[in-house]
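Written out below as structure tokens is the structure these notes cover.
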Amino acid sequence: MVDKHAPLIFINGADYKAAQMFTLAHELAHLLLGTSAVFDLAFLQPADHAIERACNEIAAEFLVPSEILYRELPQQLDAADHAIVWQDMARRFKASPLVIARRVLDMNLINRHEYQTYYDSYLDGLRKRELRERDGGRGDFYQFRKSTPSVL
């Protein structure tokens, strides 16, 4: 929230650290541009509003500069396992693998289908990990039973 005397930025403490970093950079961009906005950044897709798109671009460039990312990417990106590359770049840039994949899409180095496939796979992995953590790592007998052949 832009205010001349006391600007405020709200960060969701329940988000992953990489998501918090993106939110902070995005909201700082709002303060620099002098515009307030409250919205949900669904799918890391460009927002409809020009200010939101500008804040997303500023945040992304701040966190993962395209020039540096381009230099760090493997020369033969087509032959590389994208999931491994995005994970590696995420560690280097201290960002989420989704942010890396989105930056590579914005740089026209992958197509929308490749991005969406990775996005869906990444979220599926997060859901599975959250279920394991919620379960305390004990597993689910009924899910296990469905996946194992009957010996009787």
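Counting only residues that are in a helix (DSSP H, G or I) and among the charged types (D, E, K, R), which one in the range 12-44 is modelled with the highest pLDDT? Quick ask: steps written out before the conclusion?
Narrowing the range 12-44 to residues in a helix (DSSP H, G or I): 17-33, 42-44.
Filter again for among the charged types (D, E, K, R), leaving 17, 27.
Details: Lys17: 83, Glu27: 89.
Restricting to residues being in a helix (DSSP H, G or I) and among the charged types (D, E, K, R), the top hit is Glu27.
Restricting the first residue to the range 48-61 and requiring it to be touching a residue at least 12 places away in the same chain (Cβ under 8 Å) and under 16 Å from Phe93 (Cα atoms), which pairs with a second residue that is of a type in the set (Lys, Arg) and in a helix (DSSP H, G or I) meet a Cβ separation below 8 Å and a spacing of at least six or different chains?
Listed pairs, sorted by first residue: Ala60/Arg102; Ala60/Arg103.
Do you know which of the residues in the range 65-88 that are at pLDDT 95 or above and of a type in the set (A, V, I, L, M, F, W, C) is surrounded by the fewest Cβ atoms within 10 Å (Cβ to Cβ)?
Only one residue tops the list, namely Ile68.
The values are calculated or read from the model by the stated rules, or taken from the named source; none is laboratory data. The model shown is predicted, which means the values in this text are computed figures rather than measured ones. FYI the Cβ positions are ideal-geometry reconstructions off the backbone, even for glycines, and counts take in every protein chain you see.
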